[in-house]
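**Q** For reference, the structure I am asking about is given below.
Laboratory data are not the source of any read-out in this text; all were calculated from the coordinates shown. Everything numeric here is computed off the predicted structure, so don't read it as measured data. In this analysis, Cβ positions are derived from the backbone assuming ideal geometry, glycine residues included, and neighbour counts consider all displayed protein chains.
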Amino acid sequence: MASTRQHLTDSLQCPICKDLLTKPKLLPCSHTFCEGCLTKLHSTQALGDRITCAVCRSIAPVLNNNVSNFPTNQIAKSLAEDFKDRSDKKRATNTAGGASSDQRCTVCDAVDQGIATFYCQHCSEFLCDYCLKQHKRFKKNVFHELVSARDIASGEIRIQLACPEHPQELQQFVCITCLVGICCRCLEVGHQPERHEVIGIEEYEESHKAAVDILQQKIEQKTAVIQSHSSFVKEQIGMVENIIGQQRQEIKNVFEGAVERIRRRKDQLLEECNTYQRSLCEDLEGIIQCHDDFLENLSANASVVTEECTSRRSDQSLSERVARVGELEALVKRDNPDASLAESIARRAKLLTFHLAAEGLELGTVRVKNWELDGTILLACMDHSKAVFSIERYTSELEYTQTLVADQKMEKPDGNGASCRK
């Protein structure tokens with residue numbers, strides 16, 4: 001049993017400081033160290049975000065360059081705390097020189113329990129001095145084994161259990177075949193060594209503790225593997241978040257680019273509409289300008305004729321005056337402009353249509369249907385001046401291809417106006 005306790009103590013000892021583990025941290029290699037010792041070791045090695053195990057020399061990554069991020073060995077922590085508590089109790093008992101400071105008599109009433117000084121192995125009860133005297137008064141208790149409560153608290157004496165078949169006897173053996181604690185009388189009846197495998201209870205407990213120690217090591221290894229895998233899974237989560245984040249950013253970039261392309265296309269389509277509108281308005285304003293020029297010319301000629309009538313000039317012949325009046329009459333007799341030309345130009349606005357794109361983000365196109373312009377333009381000039389025109393060719397998509405006729409002059413056919421038809 002001493003060797004078992006020594007093995008348990010060694011397993012709770014830090015390989016660096018050789019003291020009881022404090023805040024035990026588990027490395028991926030399954031070795032456990034104090035957190036403070038790992039911190040000093042990490043700073044001494046100066047390996048950055050890595051550390052070398054002081055036992056097996058394997059290299060382990062240090063998350064965020066902080067050894068506190070290593071998983072805590074919960075099993076070692078619990079055992080170390082329990083070992084420390086038992087050691088403190090033993091020290092307190094030895095210092096007091098008597099019973100344990102916190103063990104109370106289990107026979108007294110709960111309200112008036114005294115401090116236990118002995119323990120009866122057969123009754124499985126802690127006894128204070130008063131209850132011990134009462135216990136010894138009964139003849140049937142004469143052969144009961146009484147041990148010091150201080151020795152039990154210090155671990156020098158093990159608490160024994162009564163045999164379930166013979167309550168007056170203590171369990172001294174274990175029947176491996178039946179897996180039950182037995183006494184000496186059981187060896188004669190029911191658990192004969194010839195038919196059952198029987199070993200001493202201390203030998204069984206030592207082997208059992210050894211098996212538990214081995215199981216504890218396996219648990220530590222399994223814990224290290226699971227915790228290491230959890231760290232790996234966390235890394236995979238980070239990788240997933242990083243990859244999806246990149247795709248999310250790419251979607252945002254594509255979206256912003258598409259929005260910018262749509263905005264430019266919108267501006268382009270609106271500019272096409274504005275250009276077409278300006279073209280139509282310029283044609284209509286050109287008609288108004290012709291009218292204004294004609295009225296200005298008519299007013300000027302009328303003023304000249306009126307002035308000649310009121311003031312007879314000696315340097316002007318009669319024939320000139322008659323010719324001036326004739327020109328004025330010709331202007332008055334000219335055909336009035338009809339509304340068909342302006343209406344025809346205005347109707348061309350309805351030829352502008354917007355065609356929504358079948359798919360994609362192109363919005364659509366602006367098209368102008370074929371049109372014909374027919375009407376009379378009232379020329380503003382009095383003399384034989386000439387109009388200028390050009391003929392250009394466009395595709396069905398209204399894209400310019402070539403100029404067929406450029407800057408051609410058109411004379412007045414009859415002095416009353418000029419006709420223009422596409």
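**Q** Give the Rg (one decimal place) followed by the Dmax (whole number) of the range 191-266, computed from C-alpha coordinates and expressed in Å.
**A** Values for the range 191-266 (Cα only, Rg and Dmax): 31.8, 103 Å.
**Q** Here's a follow-up. A 31 angstrom limit on the alpha carbon distance is what I want to check against. Which of LYS18/LYS209; LYS40/LYS218; LYS18/LYS234; LYS40/LYS209; LYS23/LYS234 exceed it?
**A** Details: LYS18/LYS209 23 Å; LYS40/LYS218 28 Å; LYS18/LYS234 34 Å; LYS40/LYS209 34 Å; LYS23/LYS234 23 Å.
Where the Cα-Cα span goes over 31 Å, the pairs concerned are LYS18/LYS234; LYS40/LYS209.
**Q** Could you rank the peptides 143-152, 45-54, 256-265 by their average count of other C-beta atoms within 10 Å per residue, with the highest value first?
**A** Packing proxy ranking, top to bottom: 143-152, 45-54, 256-265.
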